[in-house]
Amino acid sequence: HYGGDGDDESMYRRGTLHFYDNTVVSTREGNTTLFRMATNDATVDARDNIFYAAAGGETLAVCAGTGNVALADNWLPEGWVDTHESSVDGTIADDGNVEGADPGFAELASQDFSLGEGSACIGSGGALADGVPPVSCMYAVHQGAAERPDDGSPDLGAFEL
């Protein structure tokens with residue numbers, strides 16, 4: 001949820017939420033919505049992420065109907081939708097993404113969301129927005145952090161090989 005809550009919209013955040021190099025895994029049986037923006041003054045710039053829904057692509061919506069989302073160089077399941085609402089009162093810009101049935105996690109069953117050999121997400125990352133610092137750390141089990149390697153060919157998601 002990005003923007004604000006409550007009745008006083010003058011207190012809401014405006015501008016762009018930069019959402020880069022994340023792995024989002026939904027194990028819900030029903031619908032999943034990635035971004036819920038309070039107004040059309042809010043924008044999400046989502047790049048180099050993996051968005052996976054175990055229930056299938058048609059259960060994964062990019063937004064809750066309001067706001068603007070720019071998607072570039074993400075992995076999304078085939079069949080994903082703009083919204084589960086009746087319409088989008090904003091914009092969804094698909095600037096080129098990788099789609100498939102499986103992102104190629106090392107071991108989904110044990111929740112090892114690092115990339116396995118042959119994953120289409122390896123080396124599929126793109127450039128971040130101008131002026132945005134590179135992502136320099138990644139998650140390390142349990143609740144730790146590790147330096148994110150930079151081999152010049154970024155991987156999608158939270159883990160760089």
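The values are calculated or read from the model by the stated rules, or taken from the named source; none is laboratory data. A quick note: this is a predicted structure, and the numbers were derived from the prediction, not measured. FYI the Cβ positions are ideal-geometry reconstructions off the backbone, even for glycines, and counts take in every protein chain you see. Note: accessible area is taken over every heavy atom of the protein model, side chains too, but ligands, DNA and RNA are not part of it. Shrake-Rupley method; radii C 1.70, N 1.55, O 1.52, S 1.80 Å.
Summary table
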| read-out | value |
| --- | --- |
| Accessible area of the stretch 38-154 belonging to carbon and sulfur atoms, whole % at 1.4 Å probe | 46 |
| Amide hydrogen neighbours beyond the local backbone of Phe35, cut-off 5 Å, H modeled | Cys63, Ala64 |
| Karplus-derived 3J(HN,Hα), 6.51/-1.76/1.60, for each residue of the stretch 100-116, Hz, glycine and proline x | x, 8, 8, x, x, 5, 4, 7, 4, 4, 9, 6, 8, 8, 5, 8, x |
| For the chain, accessible area per residue (1.4 Å probe, heavy atoms of protein chains only), Å² | 53 |
| Beta bridges per DSSP with both ends in the stretch 20-119, % antiparallel, nearest 5 | 5 |
| Longest site-free stretch - the chain; sites: GluC sites (Glu not before Pro), DSSP loop, at most 15 other Cβ within 10 Å | 30-77 |
| Amide H contacts under 5 Å for Tyr12, placed H, 5+ residues apart | none |
| Local electrostatic count, Ala140, Cβ distance below 14 Å [Lys/Arg +1, Asp/Glu -1] | -2 |
| Amide H partners (placed H, <5 Å) of Leu115, local residues excluded | Ala106 |
| Mean Cα-pair separation over length for the chain, i.e. relative contact order, pairs under 8 Å, 6 or more apart, % | 19 |
